[in-house]
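No lab work stands behind these numbers, since they all come straight from the coordinates. Note that the structure is a prediction, hence the values are computed from the model and not measured. Here the Cβ positions follow ideal geometry from the backbone for every residue, glycine too, while neighbour counts run over all protein chains shown.
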Amino acid sequence: MNAEATLVPLMFFGSIFAFPLVRRHLIHRHEMERLHVLRPVPVAPAAAPPDPADDTPTLALRLPEPHRQYALALLCRLQDAPYDQLDVPAQYVLRQARLDYLPTTLRAYLTLTPAARAHLHARGHSPESHLQAQLETIAQGVSAVLGQDQTAAQRMLTQGAFLRDRFVQGHREDGPATVREFLQS
């Protein structure tokens with residue numbers, strides 16, 4: 001009898017306190033299911049148009065053998081260039097070489113018709129030698145741009161001019177002007 005006397009009030013108070021918790025859980029679960037149904041279905045993004053830079057490797061692979069290796073090496077050099085370490089004009093030249101000059105050169109060679117080849121041969125020109133000369137011109141331009149890092153040199157010159165203005169202009173009111181004078185004081 002004692003067990004029944006404690007179980008009945010315990011069940012009564014338990015249901016009073018548990019009912020709001022269960023109700024809140026069911027409302028929350030229903031709201032989450034409703035939001036899931038109302039959420040728009042994600043649409044797959046439309047395929048972006050192919051970047052003109054992406055067909056450059058394909059064009060290079062269609063070249064005859066000695067030119068293929070040269071064009072691919074040039075393409076790798078352009079791709080691996082340290083763009084973030086170069087000044088803006090150098091970045092522009094390298095991007096133009098990668099996205100415009102090289103693909104245009106390769107397309108011009110690959111779209112030569114037999115009649116155009118015959119015309120070039122009749123004038124004493126070889127399409128392959130022209131292609132090689134154009135690839136070498138692009139490579140020389142890339143080498144020149146990568147060889148001249150004007151930003152770092154300009155920073156060094158600017159810092160030197162600042163230091164000369166700051167420390168070499170004679171004695172300053174706030175202390176010695178040169179390092180030698182500083183060390184001797």
* Asked: By per-residue mean of other Cβ atoms within 10 Å, what is the highest-first order of 91-97, 80-86?
  -> 91-97, 80-86
* Asked: So what J values fall out for segment 57-62 if you push phi through Karplus, 6.51 cos²θ - 1.76 cosθ + 1.60 with θ = phi - 60°, rounded to Hz, Gly and Pro as x?
  -> x, 5, 4, 5, 5, 8
